[in-house]
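Visitor: Here it is: the structure, laid out below.
The values are calculated or read from the model by the stated rules, or taken from the named source; none is laboratory data. None of these values were measured; they are calculated from a predicted model. Backbone-built Cβ (ideal geometry, glycine too); neighbour counts: all protein chains shown.
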Amino acid sequence: MILATEKLLTLARKEAESRHGIVSGYVIGSAAGGDPVFGGTADVDLVLIHEYEPALLREIVPLSDEVHLDITHHSKRRYERPRELRVDPWQGPAMCEPIFLHDPTHFFEWAQASVRGQFHRPDNVLARSKAFLRRAHTSMRELEGEQRWLRGWLRALLETSNAVASLEGFPAAGRRLMPQLESKLTAVGHPEIHGRFLRLLGAERFVQSEAEEWVTSWTSAVNAASKLSSDPELAAGRRDYYLGGYLSMIEDGSAVQILWPLLSTWDRAIHAISPSGKPQLHWPLVLDTLELSIDHASRREAELYDLMDQVEGVLENWAERVGA
């Protein structure tokens, strides 16, 4: 049974207050925006700030079969220079409009006030967008061998697209990142970037009627991987969270919107199960269909670099127009 948003926040608050050595706790993402439920499942993105370096960086805590806490752990030291976090492309937006759950010493309130101050000033907006583009270049330079090529390339593609999306708000993320990205890029006046994002993913080769079969194979891979890997993204709660979203979009006739998160998590699962010799089922066929296998790597890298050049021009034009 799905719980109401207020109940989810209450459970998250209790979790934060029950932990030892916690300075502050806050919620970000869809739960902070009041819309955590999608496809019959939900997560609550809870950030816990520790007095000292945390033992874990991330953990998944089930609340029910349909709901879990996705907990990120930070040290207090990370927040000591909040003005620098203001221009961090992920951390800055996360701190801009969270829900405070636990902050007895007002430490996070102090840090958040510094981040929000002049957050929307054009030079700070541009700094976050440029940071995304720099990260994309770094991801491309660090592309690994055959098994991990796709992971880095997908990350670079999202970072490149978010460089433009961030000009008019927060970056796209999570299982709904593709419809978010379309909306944000349209709002900023650059729907053509979304079109290129889709083409780079091979969306024109994707067939809606095959989506359920792909998702079935994805589920099998994630089930196998969860028994072999400690990766939080492959935990059972995350599987159901993504699966609910995938099936909802397929049912709505918008199956193409699952592509980026499906590929990203499937790649993680395949990497986890490969040493075991377990069959990869549909995965090679999916990559061939979308032309995202290693055989197409050189062309896909060149196409992405071309998009990055276009995005750099978009940022330059935006800066000139707004005086950033």
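Visitor: Take the conditions part of a helix (DSSP H, G or I), out of contact with any Asp or Glu (no Cβ under 9 Å at 6 or more places or on another chain), more than 23 Å from LEU143 (Cα to Cα) and not basic (Lys, Arg) and apply them to GLU192. Does it pass?
Guide: yes
Visitor: Also: Inside segment 292-320, can you point out the residues that are basic (Lys, Arg) and assigned to a loop (DSSP other than H, G, I, E, B)?
Guide: Selection gives nothing.
Visitor: Take LEU69 and decide whether it is closer than 25 Å to LEU243 by Cβ and more than 18 Å from the chain's Cα centre (by Cα).
Guide: No, not satisfied.
Visitor: Given the conditions (1) touching a strand residue (DSSP E or B) at 6+ places or on another chain (Cβ under 8 Å); (2) modelled with pLDDT under 95, and given that SER248 satisfies all but one, which numbered condition is not satisfied?
Guide: (2)
Visitor: Quick check, is ASP65 surrounded by fewer than 20 Cβ atoms within 10 Å (Cβ to Cβ), outside the structural domain of VAL164 (by TED's automatic domain parsing) and modelled with pLDDT under 95?
Guide: Yes: the conditions hold for ASP65.
Visitor: Does PRO54 satisfy the criteria of being of a type outside the set (A, V, I, L, M), touching a Leu at 6+ places or on another chain (Cβ under 9 Å) and in contact (Cβ under 8 Å) with a residue 12 or more places away in the chain?
Guide: So PRO54 passes the test.
Visitor: If you don't mind, another one. Failed condition for GLU168, given (1) at pLDDT below 95; (2) of a type outside the set (Lys, Arg); (3) touching a strand residue (DSSP E or B) at 6+ places or on another chain (Cβ under 6 Å), with all others met?
Guide: (3)
Visitor: Hey, another quick one. Can you tell me which residues in segment 74-94 are in contact (Cβ under 8 Å) with a residue 60 or more places away in the chain and under 27 Å from LYS14 (Cα atoms)?
Guide: Correct list: TRP90, PRO93, ALA94.
Visitor: Answer with yes or no whether ARG128 is closer than 29 Å to ALA16 by Cβ, at pLDDT 95 or above and not assigned by TED's automatic domain parsing to the domain that holds VAL47.
Guide: So ARG128 passes the test.
Visitor: Let me ask something else. Do we have TRP266 as surrounded by 20 or more Cβ atoms within 10 Å (Cβ to Cβ), within 20 Å of the chain's Cα centre (by Cα) and part of a helix (DSSP H, G or I) here?
Guide: Criteria met by TRP266.
Visitor: Can you pull out the residues in segment 270-291 that are in a helix (DSSP H, G or I) and either charged (D, E, K, R) or not assigned by TED's automatic domain parsing to the domain that holds ALA136 (or both)?
Guide: Scanning segment 270-291 gives a single hit, ASP288.
Visitor: How about segment 111-151: which of its residues are more than 19 Å from the chain's Cα centre (by Cα) and among the β-branched types (Val, Ile, Thr)?
Guide: If the condition is that a residue be more than 19 Å from the chain's Cα centre (by Cα) and among the β-branched types (Val, Ile, Thr), then VAL115, VAL125 are the ones that fit.
Visitor: Taking only segment 1-31 into account, find how many residues are surrounded by 13 or more Cβ atoms within 10 Å (Cβ to Cβ) and either on the phi > 0 side of the Ramachandran plot or in a helix (DSSP H, G or I) (or both).
Guide: Looking only at that region, the number is 12.
Visitor: Moving to a separate point now. With respect to PHE197, is the statement that it is outside any helix (DSSP H, G or I), among the aromatic types (Phe, Trp, Tyr), assigned by TED's automatic domain parsing to the domain that holds LYS130 and modelled with pLDDT of 95 or more true?
Guide: Considered against the rule, which asks whether it is outside any helix (DSSP H, G or I), among the aromatic types (Phe, Trp, Tyr), assigned by TED's automatic domain parsing to the domain that holds LYS130 and modelled with pLDDT of 95 or more, PHE197 comes out as no.
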